[in-house]
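Got a structure for you, written out below as structure tokens; questions coming shortly.
The values are calculated or read from the model by the stated rules, or taken from the named source; none is laboratory data. Quick caveat: nothing in here was measured; it's all calculated off a predicted structure. FYI the Cβ positions are ideal-geometry reconstructions off the backbone, even for glycines, and counts take in every protein chain you see. The area values use the complete protein model at the heavy-atom level, side chains included, leaving out ligands, DNA and RNA. Shrake-Rupley method; radii C 1.70, N 1.55, O 1.52, S 1.80 Å.
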Amino acid sequence: MSNFLGVATVTAALQELLQRAVGSDVPGAHVRTDRPDATRDGTPIVNIFLYHVGSNAALRNADLPTRRSDGSTTQRPRAAVDLHYLVSFYGNDNDFVPQRLLGSATAALHAHPVISKDLIDAVVAGATASPTPIHPALALTDLADDEPVRLCPHPLDLEQLSKLWSVMSQTPYALSTSWQASVVLLERDVPVAPAAPVLTSVLSVAPTSAPRIDRVVGVPAGAPVTMASKIQIVGQALLSTNVAVRVGTSELIPTRVGSSSIDIDLAAAPAGQLRAGTLPVLVIHRRVIGDPPSVRGEITSNSAPLVLRPDLTAVSIVAGHVTIVTDVTVGAHQSVEVVLVDPTTGSVTHRQTLADRTSDGTSLDASASGVVPGTYGVVVHVDGAASEPRRNASGTITAPTVVIP
């Protein structure tokens with residue numbers, strides 16, 4: 001890292017590096033840091049002009065986060081920048097002075113592609129020299145404490161070069177090359193609050209892979225699932241130290257957890273939370289770490305469907321209306337269909353889709369209007385999940401039934 005003098009220090013160090021080379025190779029040559037439109041007197045000159053400063057894409061986010069949740073600073077914010085220099089060469093063209101300067105500068109930069117500590121020390125020494133310091137404003141630079149800045153050629157094609165020179169109005173073109181200095185890290189001297197010391201080290205182990213559900217089945221396998229059922233989740237990587245299962249919007253604690261299966265008792269669900277129909281099932285692994293232990297994050301499995309069938313606990317008819325009570329809540333706006341069937345053959349004799357419901361409940365009301373008098377088995381479909389009537393050994397429906405007078 002560097003203080004605000006980092007950019008100017010790189011420019012001064014680049015000037016020092018080139019002055020050593022061209023001063024030896026071309027007699028009388030000087031390296032300056034003027035604008036390209038500055039007046040020239042015909043002497044051999046290498047001019048360094050910082051024409052563009054860009055954000056370094058690789059390091060611009062390396063300092064995140066810089067603050068804690070309470071706003072205190074965890075580390076000094078820093079800006080990572082790349083410096084783009086136009087190096088121009090002036091002198092007598094008939095003696096090839098610009099070209100000789102170009103050759104000397106290019107060879108020097110290629111041989112020393114780093115703003116090294118000795119170059120920066122030379123800048124500081126010049127800034128503190130007595131009685132005639134050079135660039136005295138750079139005496140307090142701390143760029144030498146950071147990683148070395150690297151130099152590389154940054155070729156410009158003819159179009160880019162033309163655009164660059166065109167922004168400098170009425171400035172004649174001079175033989176030039178472009179170089180990039182990367183990366184310069186700039187930071188402010190912001191006080192940083194020290195981190196609290198570690199009093200006790202706590203090691204926690206948690207799985208890194210998410211649990212996966214292959215299927216959800218009733219117990220025993222293949223049995224229809226109602227509110228009184230037990231279900232089994234079959235999958236992979238289901239075992240963890242803190243496991244919960246979310247069925248619909250209700251979170252349930254498993255009765256048994258294994259690496260490939262989990263048992264759940266739906267009867268333990270809080271009253272009124274589950275809804276008849278197709279419900280999503282998720283396995284949740286909570287990460288409990290720290291001292292005292294606390295939940296910090298969770299990993300969830302994929303979602304698997306569970307068809308929860310309503311069980312009809314009572315059916316009655318009053319004044320031409322069939323009232324049906326279910327053991328599970330039927331939600332507002334769920335699709336509900338009441339089906340009357342022949343108890344012996346199971347054939348459908350009457351269907352009725354109930355009007356849209358505006359509230360949750362366990363009571364359903366269907367009209368018996370137009371139904372031929374007789375005894376019928378009753379089946380209810382909620383979002384496609386059908387109730388299961390009870391049958392005797394011969395297959396005749398014994399409950400729930402209703403007698404239509």
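Where does each of 19-31, 92-104, 124-136 land if you order them by average Cβ count within 10 Å, highest first?
Top of the packing list down: 19-31, 92-104, 124-136.
Which value, in debye to the nearest 20, gives the size of the charge dipole of the chain about its Cα centre, when Lys and Arg are +1 and Asp and Glu are -1 at the Cβ?
940
Given Gln170, Ser88, Val183, which one lies farthest toward the positive end of the charge dipole of segment 74-194, if we put +1 on the Cβ of every Lys and Arg and -1 on the Cβ of every Asp and Glu?
Highest projection toward the positive end goes to Gln170.
What's the percent breakdown of Cα-Cα distances in segment 158-289 across 10 Å bins, shortest bin first?
Histogramming segment 158-289 at 10 Å steps yields 9, 25, 14, 8, 8, 10, 12, 9, 3, 0 percent.
Place a point 7 Å from the Cα of Val202 along the Cα-to-Cβ direction; which residues of segment 279-315 have their backbone N under 20 Å from it?
285-299
While we're on this one: With every protein chain left in place, what is the accessible area per residue of the chain in square angstrom, probe 1.4 Å?
53
Right, something else. For the chain, just list the percent of Cα-Cα distances falling in each 20 Å bin from zero outward, please.
For the chain, the pair-distance distribution reads 19, 26, 16, 19, 15, 5, 0.
First compute the accessible area of the chain with a 1.4 Å probe, then give the percent of it belonging to carbon and sulfur atoms.
Looking at the chain in its full context, I get 55 percent from C and S.
I would also like to ask the following. Please work out the Cα center distance from segment 152-176 to segment 217-265, rounded to the nearest Å.
After rounding, the separation between the Cα centres reads 71 Å.
Let me ask something else about it. If I take all pairs of Cα atoms in segment 1-159, what percentage of them are more than 22 Å from each other?
When every Cα pair of segment 1-159 is considered, 50 percent fall beyond 22 Å.
Please sort through the DSSP H helices of the chain and keep those with an alpha-carbon extent of at least 24 Å along the long axis and a Kyte-Doolittle average not below -0.5.
Taking the DSSP H segments of the chain (at least 24 Å long, mean hydropathy at least -0.5), we get 6-25.
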